[in-house]
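Let me begin by presenting the structure, written as structure tokens, before commenting on it.
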Amino acid sequence: MRVLLLGSGGREHALAWTIAKSPLVEELICAPGSDGIASEARVLPVDPCSPAQVLELVKREGVSFVVVGPEDPLAAGVSDRLAEAGVPVFGPSAAAAQLESSKRFAKEFMARHGIPSAAHESFDSADDAEAYVRALGRGCVVKADGLSAGKGVTVCDSPEDALAAVQELMRERRFGKSGDTIVIEERLRGPEASFYALCDGERFLVLGHAQDYKRALDGDRGENTGGVGAISPAAALDESLEREVVERIVRPTFDGMRAEGRPFRGVLFVGLMIQDGRPYVIEYNVRFGDPETEVLLMRLESDLVPLLIGAAEGRLPESGAAPRFAGSAVTVVMTSAGYPREFAKGRAIHGLESLEGEPDLKVFHAGTRRGPAGWETAGGRVVAVTARGASLTAARARAYEGVRAIRFDGACFRSDIAQPRRA
């Protein structure tokens, strides 16, 4: 079969690398793709957020299955348009994608269905939001309602920090219309985890879990980012907590979406915080995470493609046919200096070739391009150096070996990914 993958980042590189290995796939096309993804797929310069362009590409290239990588095409209704045209597509409808595309919708949905989450208030007015922060008088979390590439969340230690976040989102318009509405919620404390379930509208299948590192600097300091590292499996989840997450969060979410006429097909990503031994939802995503996908797929030993098709076509296997994973995996994201704000592009990257073909190690390209003299930086998150090992310690050591082999001016990375946390 001929498969089309939409997207261009590190997540899509990991998906392309995994999908291309399936014996079911005759050819993989990626749009718009990247120079890094071109090593796994044929890339074509098509706007993934344009339903018309995507459908035209599907017809022209004889594509029989589409996988949507990032969130923006889902919110734009690409899955809906493909489904209307009879094209099997992995990714939820725009209505179901509101779990991610609107923080307000997600919080109100959780309240309707008794799903544990932080207490919250939503605001359309900066004046009202600022008055609420002053009355609250303590730290909180401020979130842009709309999509903002994973960077629209500010964890605030004080009312002053929260007022600055409101100013940036609603008055300075850092994320444009995404900040028209904001959500201010109680600050939960504890370890985080990212929990994945594949859904076909009628049933779901637990896929696995990971933990990402959002803060830019060691020790969980600095600004929130789109993610600068990840481990899998998540250290915070044991078998008992996994069962609780399924029964108290995943199942009610899945059932609630179906009951509200928004049956969910695709991958449901639940961002969790474990506070006082209990799981709470801090966010939903309706696509694979980044960089969690890199570590999750590095451990996967099953063929992913039949599972994606099963979710898209309403025929997931029973729970006994759960995918197989092995070992542990760690990814360290190397970023451009200045990320997640302003950063330079076009810096020469050295050392990538030395890592090609290395066992249990893969460099996924997130923000690179081929220039006249070779590889160069083209984004804030540049590469996700990912390794697998028999243990988390072994995977960590292998990943940092890869990081040390790569050089570019302004290269930044956290040195504490997968490091045991102090009590």
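The values are calculated or read from the model by the stated rules, or taken from the named source; none is laboratory data. Nothing here was measured: the structure is a model prediction, and the numbers come from that model. Every residue, glycine as well, gets a Cβ built from its backbone with ideal geometry; the counts of neighbours run over all protein chains shown.
Data for the structure
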read-out	value
Residue within the stretch 290-313 that is under 20 Å from K143 (Cα atoms) and not hydrophobic (A, V, I, L, M, F, W, C) present	yes
Which numbered condition E71 fails, given (1) in contact (Cβ under 8 Å) with a residue 24 or more places away in the chain; (2) of a type outside the set (A, V, I, L, M, F, W, C); (3) surrounded by fewer than 16 Cβ atoms within 10 Å (Cβ to Cβ)	(3)
Residue, farthest from E130 (Cα to Cα), within the stretch 164-173, restricted to residues that are surrounded by fewer than 17 Cβ atoms within 10 Å (Cβ to Cβ) and in contact (Cβ under 8 Å) with a residue 12 or more places away in the chain	R171
Flag for V332 being in the same structural domain as A234 (by TED's automatic domain parsing) and not charged (D, E, K, R)	no
Which listed residue is surrounded by 19 or more Cβ atoms within 10 Å (Cβ to Cβ), under 24 Å from A38 (Cβ atoms) and out of contact with any Lys or Arg (no Cβ under 7 Å at 6 or more places or on another chain), from R369, R347	R347
Filter pass, A399 being surrounded by 14 or more Cβ atoms within 10 Å (Cβ to Cβ) and more than 21 Å from the chain's Cα centre (by Cα)	no
Residue within the stretch 328-335 that is among the hydrophobic types (A, V, I, L, M, F, W, C), closer than 20 Å to L205 by Cα, surrounded by 22 or more Cβ atoms within 10 Å (Cβ to Cβ) and at pLDDT 95 or above present	no
Selection count, the stretch 103-125, where residues are of a type in the set (S, T, Y) and within 19 Å of F269 (Cβ to Cβ)	1
Listing of strands (runs of 3 or more DSSP E) fully contained in the stretch 360-423 that carry 3 or more residues being touching a residue at least 60 places away in the same chain (Cβ under 8 Å) and small (G, A, S)	381-389
Single residue of V270, V305, V228, V281 found to be farther than 29 Å from R398 by Cα and modelled with pLDDT of 95 or more	V281
Options S158, S122; residue that is small (G, A, S), at pLDDT 90 or above, within 29 Å of P279 (Cβ to Cβ) and surrounded by fewer than 17 Cβ atoms within 10 Å (Cβ to Cβ)	S158
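Residue-by-condition table, conditions (1) surrounded by 16 or more Cβ atoms within 10 Å (Cβ to Cβ); (2) touching a Gly at 6+ places or on another chain (Cβ under 6 Å); (3) not β-branched (V, I, T):
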{"residue": "N285", "(1), (2), (3)": "yes, no, yes"}
{"residue": "V295", "(1), (2), (3)": "yes, no, no"}
{"residue": "L300", "(1), (2), (3)": "yes, no, yes"}
{"residue": "A326", "(1), (2), (3)": "no, no, yes"}
